[in-house]
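S.K.: Sharing a structure here in structure tokens format.
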Amino acid sequence: YEAKRNRHHVSIYRAGMDRFTPERLALHGELAQAIREDGLALVYQPKVNVHDGKLAGCEALLRWQHPERGMISPVEFIPMAENSELIRPLTAWVIDHALAQVRLWLDAGLNIPVAVNISARNLLDADLVGLVVDSLRRHNVPPALLELEVTESALLEDPETALSRLTRLHGLGIRMAIDDFGTGYSSLAYLKRLPVQVLKIDRTFIAPLVTSQPDALIVQSTIGLAHSFGLQVVAEGVEDGAILDVLRSMGCDLAQGYHIARPQPPAAFEAWSREHRSA
Ligand code: C2E
Ligand code: MG
Ligand code: MG
Ligand code: MG
């Protein structure tokens, strides 16, 4: 699926593209339309328990099926959404569709927690909590089945507001995760004060795990400290079995990456999980 995506992949968001070029405005309008008319789609990537291999949950990742440009990656359009008011309806769309999917799975007898990525802007938005509560209620999904992933940098932009939002969200029973950990400048000491339950180690530390002693030391000590704070640790970007073996020996909790499975549309994800369970 990813390979197909890459083949049709077109770069649309160039660094330095001015805010109000005609091209940029057109794209902005097209994204607004895609949000309104379901031109977006979610793909789901499993997270598995490193020790017993069992499916532990999934991450919902956004795709834009552009009528002319093909499949567009979120790294191409999320920044544009974040620089405009579009990030609000976009995140609302993602949360709503991810929870609708969890409801379909529940109705089919599958209990699969979903993690959704939210932006710094969303965290600072006073509407976020209400939006999440409303969507959970409409789809009748227990809050414990929703996890929200926030990057370190999102927390550092306005630490006070971030802390109060995280506290409200966690108070609802939602799990909060720090995404791409290690790429920002926050310390574990700062994270200790946050109502966060999950730490995802960035894939730039995971990929060289087997060959680079410094990276192995960083990952090992991050896992140790995170555990001493009671956090669950997820390794992202696990691309081969040797990495998974090292993570297991280090006591990492969950793993996510191409070695396990690529992000896939719901039907393919379900087929994967059925096969995975019987394997
Ligand atoms: P992320 O949240 O860190 O998501 C993980 C990214 O790594 C995904 O890229 C996933 O496809 C990719 N990945 C997973 N396993 C592997 C692996 O083994 N090797 C490598 N090289 N990559 C792997 P994707 O789907 O292109 O998303 C990129 C980023 O876009 C995400 O990073 C997240 O920051 C953002 N994003 C995606 N969906 C959403 C969304 O719904 N809302 C927001 N605000 N951001 C989103
Ligand atoms: Mg993420
Ligand atoms: Mg990540
Ligand atoms: Mg990332």
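The numbers here are math on the coordinates, done by the rules we state, and not lab data. Note that the structure is a prediction, hence the values are computed from the model and not measured.
S.K.: Helix-only mean residue ellipticity at 222 nm, the chain, DSSP H runs n ≥ 4 weighted -39,500 (n - 2.57), per residue, nearest 500. What is it? Show your work: numbers first, answer last.
M.R.: Values: 13 runs with 135 residues, N = 279.
After summing the helix terms and dividing by the residues of the chain, the value is -14500 deg cm²/dmol.
S.K.: Okay, moving on. Sequence neighbours fewer than 8 away in the same chain don't count; with that in mind, list the aspartates and glutamates whose C-alpha is under 13 Å from Lys54.
M.R.: Leaving aside aspartates and glutamates fewer than 8 places away in the same chain, those within reach of Lys54 are Asp253, Glu275.
S.K.: Over the chain, what is the relative contact order in percent, taking alpha-carbon pairs closer than 8 angstrom and at least six residues apart? Please list the in-between numbers first.
M.R.: Numbers: 441 pairs, mean separation 50.7, N = 279.
Reported as a whole number, the value is 18 percent.
S.K.: Of Gly109, Gly241, Gly53, which has the largest mean-square fluctuation in a 10 Å C-alpha GNM of the chain?
M.R.: It is Gly109.
S.K.: OK, next. Restricting to Cα pairs below 8 Å that are 6+ residues apart, what does the relative contact order work out to for region 42-82? Please round to a whole percent. Could you put the intermediate results ahead of the total?
M.R.: Working: 46 pairs, mean separation 11.7, N = 41.
With pairs under 8 Å counted, the relative contact order is 29 percent.
S.K.: Now for a different question. Would you mind pulling out the separation of the Cα centroids of region 158-175 and region 221-279, in Å?
M.R.: 26 Å
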